[in-house]
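The structure appears below as structure tokens.
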Amino acid sequence: MQIKYFDNAATTRVKKEVLEEMLPYFNEKYGNPSSLYSIGRVSKKAIEESRKKVANLINCNPNEIYFTGCGSESDNTIIKGIANTYRKKGRHIITSQIEHPAVLHTCQALEKQGFEVTYLKVNKEGFINIEELRNSIRNDTILISIMFANNEIGSIQPIEMISKIARMYNIVFHTDAVQACGNIPIDVKRMGIDSLSLSGHKLYAPKGIGALYVRNGIEFEKFMDGGHQEKNKRAGTENVAGIVGLGKACELANIHLKEHMQHLKELRDYFILQVEEKIEGAVLNGGIENRLPGNANFAFPSVDGEALLLNLDAKGICASAGSACTSGSSAPSHVLSSIGLSDELARSSLRVTFGEDNTKEDVDYLVENLCEIVQKLRK
Ligand SMILES: *Cc1c(COP(=O)(O)O)cnc(C)c1O
């Protein structure tokens, strides 16, 4: 059976051009980038070329990019790094209730060490309230960490307004942009972003490679001790092939961003229209404005989400209930709870996230099966 993949927020397939660019760095150009001889220098050069490509995608200086092992590591590095560096100045952090566990659980870990964290609520469209952000700032606030775009409902936060407030109060502003990078335009300079996380496997590069942007001038304690790689901020011999893949993926994302967004948006809007027309009672979770172009998330009242997923899987369809990171736990999604869904509605929800490989015919296949399965499960 052919696989129809609609879970691009969980991970993406590595692009052919990305893989091809990476392959030589496994067994031909295998030098350690810290070595001084020629094949070491080849690896070093490849890393620096990739750094430029990543920097280009978000409009920062290449020396503001640090390669990491994943998006989660990037979030951990900066949040803990800022906390440790600024703990004398203050111990208060502001984030939101709908962050990815990489931010949420990092903040919870810091609470155990004596930090205080404000978790901003979101409205039913999944957006924080700017006034509430302003009101929660204290003299001892050292960090604001608000995700660029949500992985479950796709809500894109008012990043420029957040950064303006952070600047006004001289507070570091970090954003987890793992879902946003490669899917919508990002310009850290224009948007006033101090720090940003991104991850390879969410933008058609491999799993196990991430990057962290930190604006020059912002001090943060390193997270990993050891060798002096990545300006002495991230020890460990670099994942050269992964870095090369990430660089290539960022370069391609940059070139094709407009068409990519248009393609995803067309599929998503077509899907939403079909579902609303054909499936009684289906409600879109989150709003339609300021939503990631490839994200749709529906609640189907009186349908068990897990049964829905299993039935879709039997048809070769990959989709998701909440996020991959929360599946396996029986608790309903914290994001869907935060936008006001009852546990029951949250458990009847389905996330569909489109990617570059998807076609309109794929959506037809998905909708057709979805209609049948929902009907069957409701009986
Ligand atoms: C996937 C994801 C992460 C984690 O990235 P990994 O590379 O899988 O560690 C962090 N934040 C968001 C919003 C994500 O979607």
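Entry for segment 208-342 at q = 0.09, 0.10, 0.19 Å⁻¹: log10 I(q)/I(0) = -0.47, -0.58, -1.19, Debye formula applied to identical alpha-carbon scatterers, no solvent contribution. Residues of segment 148-192 falling in the label zone of ILE130, defined by backbone nitrogen less than 12 Å from a point 7 Å along Cα to beta-carbon, are 158-166. Straight distance only, please: which lysines reach the Cα of LYS80 with their own Cα at less than 16 Å, same-chain residues fewer than 8 apart left out? Within the straight-line cut-off, LYS80 pairs with LYS88, LYS89, LYS112, LYS222, LYS233. Segment 186-227 and segment 260-291 have Cα centres lying 31 Å from one another. Each peptide in 198-209, 62-73 receives the mean, over its residues, of other Cβ atoms within 10 Å, and ordering these scores from highest gives 198-209, 62-73. Determine ³J(HN,Hα), in whole Hz, for all residues of segment 59-66 in sequence, where each value follows from phi through the Karplus function 6.51 cos²θ - 1.76 cosθ + 1.60 and θ = phi - 60°; x replaces Gly and Pro. Calculated HN-Hα couplings, in order: 6, 10, 7, x, 6, 9, 9, 10 Hz. Helices in the chain that qualify as membrane-span-like (whole DSSP H runs, Cα extent of at least 18 Å along the helix axis, mean Kyte-Doolittle hydropathy of 0.5 or higher) do not occur. The local environment of LEU57, defined by Cβ-Cβ distances under 12 Å, has a net charge of +2 under the rule Lys, Arg +1 and Asp, Glu -1.
When each of the peptides 252-259, 184-191 is scored by the mean number of other C-beta atoms lying within 10 Å of its residues, the order from highest to lowest reads 184-191, 252-259. Contact order for the chain, expressed relative to its length and based on alpha carbon pairs under 8 Å spaced 6+ residues apart, stands at 23 percent. Computed across segment 16-252, the Kirkwood radius stands at 18.1 Å (inverse of mean 1/r, all Cα pairs). In a fully extended conformation the segment linking GLU361 and LYS164 would gain 66.6 nm over its present Cα-Cα distance, using 0.36 nm per residue.
We did not get these values from a lab; they are worked out from the coordinates using the rules stated. All figures in this text were calculated on a predicted structure; none of them were measured in a lab. Here the Cβ is made from the backbone with ideal geometry for all residues, glycine too, and neighbour counts use every protein chain on show.
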